[in-house]
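Structure, as structure tokens:
Throughout, read-outs are computed from the coordinates displayed, never taken from laboratory work. All of these numbers come straight from a predicted model, not from anything done at the bench. Cβ placement follows ideal geometry from the backbone for every residue including glycine, while neighbour counts extend to all protein chains displayed.
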Amino acid sequence: MSATQKPRRKVTLIPGDGIGPEVVAAARKLIDATGVQIEWEERAAGASVFKMGIASGVPEDTIESIHRTKVALKGPLETPIGFGEKSANVTLRKLFETFANIRPVREIPGVKTPYSGRNLDLVVVRENVEDLYAGIEHMQTPDVAQCLKLISRKGCEKIVRLGFEFARSQGRKKIHCATKSNIMKMTEGMLKRTFEEIAKEYPDIQANHIIVDNCAHQLVKLPEQFDVIITTNMNGDILSDLTSALIGGLGFAPSANIGNEVAIFEAVHGSAPKYAGKNTINPTAMILSGVMMLRHLGEFDAAATIENAVLATLEEGKFLTRDVIGDKGSASTTDYTNAILANFGKKPKATSTREHRAIEMDRAKKPTLSATASLKDRKVVGVDVFIEADGTPDSVGKKLEENIKGLPLRLKMISNRGTKLYPSSGAITDTVNHWRCRFMLEAPGSDMNPEILTGLLKKVEQSFRWMHIEKLQEFDGAAGFTKAQGED
Ligand code: NAP
């Protein structure tokens, strides 16, 4: 190494499954050609690892490598269906707490879409760890499944701060927070409230809340109104596939999974197994993920060299892949990659690029909001017991009331599939054999006396099978639980 040469930066490289090795090879070739000093550590994850009997899909030496390098460029990983294994992608995101998934899309020159000419340039910032993707699922009865949607204030604060800091790093001036807080006031509402609180710290950025279904509608109708969209995990998964379609499809959608310690860069698309080994797929999404990685590593010039060459190649339109122009006259993956390489040093003529600077991760890292710290009063006012029972609302309700006689509780209501049916208020609901029974304590206290709880479960058990209990709490007088539809 000469005195002026930078030390080589180690990066974990995961070729992945299906089309993964082809797109990763294209990205690597271009990154290496910029002259940036990267030492790749190639590691496995995904289908080949599942086949070896490793249920996480991620072997120890891959985990060890990422722990050490802190940066990975990763091809798509296939998720086996029906074997009980977890997704290796989700495992990686969770193992390294890459809490933010940044998914930019911008109009691609030479790629005709119904939105061409409207200069789309927007980014979905998706929470990447919590929400339904935690995959906490239970069969409550043989016929009723449950998935827990846990959203934490800390998780919300991290994604919101990262979203604002990301916007600043690219000079973006507008952020929408997309939630379903009108329905899920506590979980999705947590993100909305956190967003509104933190937005005050960023007066240079216009902050708006939008209901996520309207966001999807507006993205199709008038996508140019969006700049950055911060959203929960599930919403972000769906919205970001939609946004990639606005600019020509998954072949053009890169992403970065960002955590405090580790960052993993990958295309939004999957392993597209039907195209594996055919040398026909579009490697742009993976190449642009590599560009995001270079910026993360502070290699802004190398990133700009590749980004400019990609845009120049697409503007020229001589080498376009099958997904853009169909089979006839399309370029192979390798020809397209070589054309980009040949355009190193060129700039796009009609397409502008953004200035970038590093994200201020230190500001994004420090959660400060906590309701627990300032809490003065906490009460348990009752308990929801979920039971399995055949019968009518009246027969179940009356039986329970009879069973719990003598306990310091009253049955407030029973709901089925979210609607209060006992005492009856005339709702017409097709019931299933899964009921939520809400019992209120005669004397609420700072916690629930375990003897009351066991006494209640014993009484319930006399007639029904119970599966799940949930304390009903109040925090500084505010109910920490929602009412059933139709409940007073
Ligand atoms: P997919 O692999 O993204 O492919 C869906 C379709 O998108 C393809 O059939 C193709 O469309 C198009 N496409 C995707 N990548 C392309 C590219 N680079 N160039 C051109 N066209 C491209 O989605 P999937 O079929 O639902 O999933 C396949 C596997 O990938 C599953 O096991 C899934 O779990 C996994 N997956 C992994 C990740 C990840 O690793 N992050 C993400 C998503 C899915 P046409 O058929 O129209 O040509």
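Here segment 275-412 is treated with +1 on each Lys and Arg Cβ and -1 on each Asp and Glu Cβ, and its dipole about the Cα centre works out to around 460 debye.
In this structure, the amide hydrogen of K10, modeled 1.01 Å from its nitrogen in the peptide plane, lies closer than 5 angstrom to those of E39, counting only residues at least 5 positions away or on a different chain. Each residue of segment 184-195 is assigned a 3J(HN,Hα), and the resulting list reads 9, 5, 8, 6, 5, x, 4, 5, 4, 5, 5, 4 Hz, derived from the Karplus form 6.51 cos²θ - 1.76 cosθ + 1.60 (θ = phi - 60°), x at Gly and Pro.
Antiparallel DSSP bridges in segment 99-258: what percent, to the nearest 5? Looking only at bridges with both residues in segment 99-258, the antiparallel portion is about 50 percent. Label-to-label distance for K10 and F344 is 2.6 nm, based on points extended 7 Å past Cα in the beta-carbon direction. For the residue pairs K274/K347; K180/K379; K86/K379; K6/K173; K94/K346, alpha carbon separations beyond 30 Å are given by K274/K347; K86/K379; K6/K173; K94/K346. Going by the alpha-carbon gyration tensor, a ≥ b ≥ c the square roots of its eigenvalues, is segment 11-152 rounded (a/c under 1.5) or, if a/c is not under 1.5, prolate (a/b greater than b/c) versus oblate? Here segment 11-152 falls in the oblate category.
Placing unit charges on each Cβ (+1 for Lys and Arg, -1 for Asp and Glu) gives segment 342-465 a dipole about its Cα centre, and among Q462, A427, T372 the Cα reaching farthest toward its positive end belongs to T372.
Ordering I108, A134, V123 by Cα displacement along the dipole of segment 90-145 toward the positive end leaves I108 in first place; charges were set at the Cβ atoms of Lys, Arg (+1) and Asp, Glu (-1). For the chain, the Cβ-based charge dipole about the Cα centre amounts to some 740 debye (Lys, Arg positive; Asp, Glu negative; other atoms uncharged). Extents of segment 58-128, taken as max minus min of Cα coordinates on every principal axis and listed largest first, are 47, 32, 22 Å. Amide H contacts of I230 (H built 1.01 Å from N, in plane; Pro and chain starts excluded): V125, H176, C177, A178 sit under 5 Å, all sequence-distant by 5 or more or on other chains. Residue by residue, segment 281-288 carries 3J(HN,Hα) couplings of 7, 8, x, 4, 4, 6, 4, 6 Hz when phi is fed to the Karplus relation 6.51 cos²θ - 1.76 cosθ + 1.60 (θ = phi - 60°); x denotes Gly or Pro.
Sparse packing (at most 13 other Cβ atoms within 10 Å of the Cβ) combined with a DSSP loop state is found for the following trypsin sites (Lys or Arg not before Pro) in segment 1-90: R8.
3J(HN,Hα) couplings calculated from phi for segment 250-267 with the Karplus curve 6.51 cos²θ - 1.76 cosθ + 1.60 (θ = phi - 60°) are, in sequence order, 4, x, 10, 10, x, 7, 10, 9, 10, x, 5, 10, 10, 10, 10, 10, 7, 5 Hz; Gly and Pro show x.
Annotation: amide H of F265 within the under-5 Å range of A72, L73, K74, N257, sequence separation 5 or more or interchain, hydrogens built in the peptide plane. Here the extension length gained between M440 and A478 equals 12.1 nm, from 0.36 nm per residue of separation less the Cα-Cα distance.
Rounded, prolate or oblate: pick one for segment 99-258, where a ≥ b ≥ c are the square roots of the eigenvalues of its C-alpha gyration tensor, a/c under 1.5 means rounded, and failing that, prolate if a/b is larger than b/c, else oblate. Taking the square roots of the gyration eigenvalues as a ≥ b ≥ c, segment 99-258 is oblate.
If both residues of a DSSP beta bridge must be in the chain, then about 65% of such bridges are antiparallel.
Net charge near I238, counting Lys/Arg +1 and Asp/Glu -1 over other residues with Cβ under 11 Å of its Cβ? Summing Lys/Arg as +1 and Asp/Glu as -1 gives -2. Within segment 242-298, the trypsin sites (Lys or Arg not before Pro) that combine a DSSP coil assignment with at most 15 other C-beta atoms in a 10 angstrom radius are K278.
Highest-first packing order for the peptide set 341-350, 212-221, 191-200 is 191-200, 212-221, 341-350, based on the mean count of other beta carbon atoms within 10 Å. How much of the calculated P(r) for segment 375-479 lies past 18 Å, in percent of all Cα pairs? Here the long-distance tail beyond 18 Å is 46 percent of all Cα pairs in segment 375-479.
Considering helices alone, the calculated mean residue ellipticity of the chain at 222 nm is -10000 deg cm²/dmol, with DSSP H runs of length four and up weighted by -39500 (n - 2.57) and normalised per residue. Take the alpha carbon gyration tensor of the chain, find the square roots of its eigenvalues, order them as a ≥ b ≥ c, and report rounded if a/c is under 1.5; if not, report prolate when a/b exceeds b/c, else oblate. In terms of gyration-tensor shape, prolate.
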